[in-house]
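The values are calculated or read from the model by the stated rules, or taken from the named source; none is laboratory data. All figures in this text were calculated on a predicted structure; none of them were measured in a lab. Cβ placement follows ideal geometry from the backbone for every residue including glycine, while neighbour counts extend to all protein chains displayed. The accessibility values were calculated without ligands, DNA or RNA, using every heavy atom of the protein model including side chains. Shrake-Rupley method; radii C 1.70, N 1.55, O 1.52, S 1.80 Å.
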Amino acid sequence: MKKIAFIFIFMLAGIQIGLAQTEEELKATLAAKKDSIAAIQGRANAIQSQIDALPGWKIGAFGTIGGSISGFNNWFSQGIPNNEAGTIGITVNAYANLLQEKYFWRNSANVNLAWVKLDDKDDPTDDDSFRESTDVFNITSLFGYKLTKTLAVSTLAEYRTSVLNNFNDPGYLDLGVGITWTPINNLVVVVHPLNYNFVFSEGAAQYESSLGAKLVADYTRKIGAINFKTNLSAFLSYEDGDYSNWTWTNSFSYTLWKSIGVGFDFGLRGNKQEAFNYSLAQDALLVPPPTDVRTLENTDNELQSFWNLGLSYSF
């Protein structure tokens, strides 16, 4: 009986050692395969970079769709115990670039729209419809004639406004000339010392157009399953620093299956004229109105921001 038990224990130990060896061998094989996949992906990225550098039109787009809905009944721990709420957000980044040996023509569009609703079922007078919460529309067109491989004389047109509410009120149109630097295929840096910032507005809004300098930095890249775009656009007024403005937007998407993945967008903006006019509109709603006279100079230029997280789609 002891011999049988000894043989059984010996067999179990042998099986365990064999399994351990098999596991280590499998891990070693898996690591080698991962290294091979990384090497293949690196070669594929290098080929894609060569394709991107070829002359001709390059067209593409990716975006994010985010949303949620919720409903509460007799949830007394919150201020509105009976409600239905929802959010919807859509972001689209598109480009159409013509690259030639002596010149280029780069066009891009960024649209970020979002709606939100909160229906208080205990209040029949509240607004239960979806209302605009994010409203960004931006298109640019940049033409350049190459002086060297990385430098070009260029002209830029950029238009920014909202589309869901207060279209072209305000609206911004930048027109200017200067130099564009393209040190690598995916990076574009624009420096236009001669630029006019046209500002369109209606009603009681107080906006000023002015002459100044335009600075733009754009980096758009696709690496494997990742799409990435960051864009900084700034106008520096020569007439008054309070007329200057800047916007920085960022978009990321990671493809999980075919063209569907996860996307994240966020943006920052500084625009004192917008802050001033918003403050004027808020002051007009106060009863009695404030006694202090609000001016552009004494307005706090608060940082503006937005973000959106959801499903992404690319093509």
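For this structure, a couple of remarks:
- Reachable lysines from residue 27, criterion Cα separation under 29 angstrom, eight or more residues apart if same chain: 258
- Solvent-accessible area per residue, Å², over region 183-229 with all protein chains present [probe radius 1.4 Å]: 49
- For the pair residue 300 and residue 221 in one chain, pulling the backbone fully straight at 0.36 nm per residue adds 24.8 nm over the alpha carbon distance.
- Restricting region 258-315 to trypsin sites (Lys or Arg not before Pro) in coil, as DSSP defines it, with at most 15 other Cβ within 10 Å: 258, 294
- Expressed as a whole percent, the accessible area of region 91-171 that falls on carbon and sulfur atoms is 57 (1.4 Å probe).
- Summarised in one figure, the compactness ratio Rg/Rh of region 82-179, Cα atoms and Kirkwood Rh, is 1.24.
- Förster-model FRET efficiency, 45 Å R0, residue 145 and residue 68, C-beta, rounded to 0.05: 0.40
- Among the listed pairs 58/229; 58/214; 149/229, a Cα-Cα separation exceeding 21 Å is found for 58/214; 149/229.
- At most 16 other Cβ within 10 Å, DSSP loop - chymotrypsin sites (Phe, Trp or Tyr not before Pro), region 102-173: 130, 167
- Put a dot 7 Å past the Cα of residue 281, heading toward its Cβ, do the same for residue 125, and the two dots end up 2.3 nm apart.
- With all protein chains kept in place, the per residue accessible area of region 248-292 amounts to 59 square angstrom at a probe of 1.4 angstrom.
- Using a probe of 1.4 angstrom and keeping all protein chains present, the accessible surface of region 68-175 works out to 55 square angstrom per residue.
- The amide H of residue 238, built 1.01 Å from its N in the peptide plane, has 211, 212, 213 as neighbours under 5 Å, considering only residues 5 or more places off or on other chains.
- Applying 1/(1 + (r/R0)^6) with r as the Cβ-Cβ distance of residue 100 and residue 246 and R0 = 35 angstrom yields a FRET efficiency of 0.70.
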